[in-house]
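This report refers to the structure that appears directly beneath it.
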Amino acid sequence: MKNLLFLLADQFRFDALGAENPMVQTPHLDALAEAGARFTRAYTPLPVCAPARQALYTGRHPDSFGAYWNYGFFPTPPISPEGAWSRALKAMGYSCGFIGKWNVSPTDGPQAFGYDTVVSAAQYSDGGAQYTGGWLGCESPVPLEQAKTHWLADRAIEFIGAQSGPWHLFVDIGMPHLPCRPSAPFSRMYDPAAIPEWPGWNDTFENKPFAHEQQAWNWNLESMPWEEMASQVARYYGMVSQIDDAIGRILRHVNLKDTLVVFTSDHGDMCGNHRMLDKHCTLYQDIVRVPLILAGAGIEAQVNGNLVSNCLDLPVTLAHLLGFAPPEGAHGQSLFGPARKTITSSGNGQQFGMINSRMITDGHLKYVWNLTDIDELYDLDADKGECHNLIREQYDSPALKALRADLYADLKAHGDPFIRHGWLDGQLLGDRKHKPWRESQ
């Protein structure tokens, strides 16, 4: 029986791996990726913390069971522990441990999901450290050896060292979620002056949904100079490298010959691109694309460019690799199965408003259906910053009509609430989308 180490970051951008972005130093994750499978086009089904985690344990799309927002903000229904793959591992005789941030259910803790050993992130103490910088973060006054990243790593090492049989450990790191507060030396690893502007930093928001520019105003970033934002990006990269260092500690105690290691994130982070922080109200690549690495027992080294859904596909993949039945009603497929031609992701806003959007991409074109505002269409090859909305030029194009039809089919297949009754079918399958640019012609 193979051991399973599952490492989950929070708001870790897809391009924050050194393997994707040479500016960022992540030597341990890069080595893990080189030894195993790195998926370069992985997407989250919904870029918000709790819904993504709920999808990860059930294998079902968050929209299908009402997980539209974080359950601490709107009354999202809790998920049942029944059928969670972690419980399947426990039933097989695994010793199961959970360490870190639990953000899966407001009513059931890790124990109900099969974890006998639980170390909550709430048990960590920073000794009353004082922080500045608000949501933009600061250098942490806490020494690296006492930082939460390394405290979590030490708890993980203790769990692994205590095992004599097959084990599963889930480490929910909870970072680099803002505010980013790396400790020295990682707090000073990146020079803000050397960090180039994001490709969407100077987005004019022309021909875009109102909520996008409003997000910049919500964060008070509409007039911030890049030099100031670059300091935030440097802290974000510093936090990423600090996480990598902590993961390296854990991996030194793991034998890849008998252990399957998974690393991914619930979603990404705007990190200043389009003058936004955090996530919510948009579906830019910054937040819907995620890193995904599988390495260890039974995994061949590869760089895999297939379109995959990390939280939906991992439960099915783990079932195949570890020998248990996939979660009932799972919407995903094996990461090593046939390639998809498209992938989708959903957005429902959060603290800045309930704004419903659905996106689909074939890896080149990306269409965003905004149910109550103008739609978006981006050429991901030519427009890395997603600044030029092509919806006017290509509204009637065959390529866009095909994406709309594929999006409708996927939403219907996983029980999206806005497709169930047929009221909005005309927006995707007919010419029932308001086109304000035609009124001025």
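The values are calculated or read from the model by the stated rules, or taken from the named source; none is laboratory data. The shown structure was predicted, so the numbers you read here are calculated from the model rather than taken from an experiment. In this analysis, Cβ positions are derived from the backbone assuming ideal geometry, glycine residues included, and neighbour counts consider all displayed protein chains. We work out accessible area using only protein heavy atoms, side chains counted, and drop any ligands, DNA or RNA first. Shrake-Rupley method; radii C 1.70, N 1.55, O 1.52, S 1.80 Å.
Looking only at segment 384-392, decide whether some residue is more than 30 Å from Trp219 (Cα to Cα) and in contact with a Lys or Arg (Cβ under 8 Å, 6 or more places away or on another chain). Looking for residues that are more than 30 Å from Trp219 (Cα to Cα) and in contact with a Lys or Arg (Cβ under 8 Å, 6 or more places away or on another chain), one finds none in segment 384-392, hence no. Every residue in segment 145-157 that is out of contact with any His (no Cβ under 6 Å at 6 or more places or on another chain) and either open to solvent by 10 Å² or more (accessible area, probe 1.4 Å) or of a type in the set (A, V, I, L, M, F, W, C) (or both), please. Glu145, Gln146, Ala147, Lys148, Trp151, Leu152, Ala153, Asp154, Arg155, Ala156, listed by residue number. Checked against (1) open to solvent by less than 50 Å² (accessible area, probe 1.4 Å); (2) in contact with a strand residue (DSSP E or B) (Cβ under 9 Å, 6 or more places away or on another chain); (3) closer than 29 Å to Val240 by Cβ, Ala50 passes all but condition (2). Taking the residues in segment 94-137 that are outside any loop (DSSP other than H, G, I, E, B) and closer than 28 Å to Met276 by Cβ as candidates, determine which candidate is least open to solvent (accessible area, probe 1.4 Å). By that ranking, first place goes to Gly100. Does any residue of segment 206-215 turn out to be open to solvent by 10 Å² or more (accessible area, probe 1.4 Å), among the aliphatic types (A, V, I, L, M) and more than 20 Å from the chain's Cα centre (by Cα)? Yes: one or more hits. For segment 272-300, the set of residues classified as within 10 Å of Pro47 (Cα to Cα), part of a strand (DSSP E or B) and open to solvent by less than 10 Å² (accessible area, probe 1.4 Å) consists of Val290 only.
Do the conditions hold for Ala147, that is, is it aliphatic (A, V, I, L, M) and over 24 Å from the mean Cα position of the chain (by Cα)? The answer is no for Ala147. Contact map, segment 1-24: first residue in a helix (DSSP H, G or I), second residue among the β-branched types (Val, Ile, Thr) and buried (at least 24 other Cβ atoms within 10 Å of the Cβ), Cβ cut-off under 8 Å, separation 6 or more or different chains; pairs are Phe14/Val290; Ala16/Thr26; Ala16/Val240. Listed by first and then second residue, the pairs with beta-carbon distance under 8 Å, at least 6 apart or on different chains, first residue in segment 243-271 and in a loop (DSSP other than H, G, I, E, B) and open to solvent by 10 Å² or more (accessible area, probe 1.4 Å), second at pLDDT below 95 and not β-branched (Val, Ile, Thr), are Leu256/Ala297; Lys257/Ala297; Asp258/Ala297.
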